[in-house]
Amino acid sequence: MNLHTRTLLNRRLVSQRQWCDYVFMSDDRTDDFGVIAWHEDGRWTLSEIEETRDLGHLMDQLKAQRTNGGAIALVAIDENFFIVLRSLGAKMQMMISDATCALEYDIAAEIIEILDLPFPEEDDEPEPGGDVDLLNDLGMSAMELEALCDDPELFPDEQLDAIASKLGFGN
């Protein structure tokens, strides 16, 4: 791990937000939100994520949902990028909508490191990284997910809304 990556991983953001109906409203103007979804008894169940920038906490919450179809975390960070995590048995899959966000955000740098992706350079073009096919068996192809990531007109919350709608639990 290089010094830049270590510095990013050691820096921690302290403020976290509460959300209601998937929208954050806070005085510090940070636009994070997150939800965990799992399919059980023929319907989707949702739970809020309070600590959106703690990857270990996100992974623990996913693993705690013991269902046949696994659990999915959808997390939007600021107005810059989103991440999708999926726990299916002992397997953990992750993707990030813009890998270059690892230059500015700890959680993005952690995902890049865990997925063993090359750390982005300042002049790299934004592109998704990780397991972009992680929702394929649920009806959203890697091509559809990449197209959402590449749409400059959509904010991360709108991208996640499109994913949730495609999977059958969004609004």
(request) Just the number, please: carbon plus sulfur as a percent of the accessible area of the range 91-171, 1.4 Å probe, no ligands or DNA/RNA counted. (result) 44 percent
(message) Could you give each residue of the range 47-55 its phi-based ³J(HN,Hα) in whole Hz, using Karplus coefficients 6.51, -1.76, 1.60 with θ = phi - 60°, and x for Gly or Pro?
(response) 9, 6, 10, 8, 9, 6, 10, 10, 4
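Please work out whether the range 87-171 counts as rounded, prolate or oblate from its C-alpha gyration tensor, where a ≥ b ≥ c are the square roots of the eigenvalues and a/c under 1.5 means rounded, while otherwise a/b larger than b/c means prolate and anything else oblate? Write down the numbers at each step before the final one.
Working: a/c = 2.06, a/b = 1.30, b/c = 1.58.
Judged from the Cα gyration tensor, the range 87-171 comes out oblate (a/c at least 1.5, b/c at or above a/b).
Over all distinct Cα pairs, what is the inverse of the mean 1/r for the range 25-109, reported as the Kirkwood hydrodynamic radius in Å? Write down the numbers at each step before the final one.
Working: mean 1/r = 0.0748 Å⁻¹.
Mean inverse Cα-Cα distance, inverted, gives 13.4 Å.
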(request) Using amide H atoms built 1.01 Å from N in the peptide plane, name the residues 5+ places from residue 40, or on other chains, whose amide H lies under 5 Å from its own. (result) 45
(message) Can you give the FRET efficiency to the nearest 0.05 for residue 50 and residue 104, using r as the Cβ-Cβ distance and R₀ = 30 Å?
(response) 0.85
(request) Can you check what the net charge comes to around residue 164, using other residues whose Cβ is under 12 Å from the Cβ of residue 164 (Lys, Arg +1; Asp, Glu -1)? (result) -2
(message) Placing +1 on the Cβ of each Lys and Arg and -1 on the Cβ of each Asp and Glu in the range 105-171, which of 135, 155, 109 has its Cα farthest towards the positive end of the resulting dipole?
(response) 135
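Do you know the relative contact order of the range 43-134, to the nearest whole percent, from alpha carbon pairs under 8 angstrom that are 6+ apart?
Numbers: 142 pairs, mean separation 19.8, N = 92.
Relative contact order comes out at 22 percent.
The values are calculated or read from the model by the stated rules, or taken from the named source; none is laboratory data. Because the structure is predicted, anything quoted here is derived from the model rather than measured. So basically every Cβ, Gly included, is an ideal-geometry build from the backbone, and we count neighbours across all protein chains shown. When the accessible area is computed, the model is the full protein with side chains, heavy atoms only, and any ligands, DNA or RNA have been set aside. Shrake-Rupley method; radii C 1.70, N 1.55, O 1.52, S 1.80 Å.
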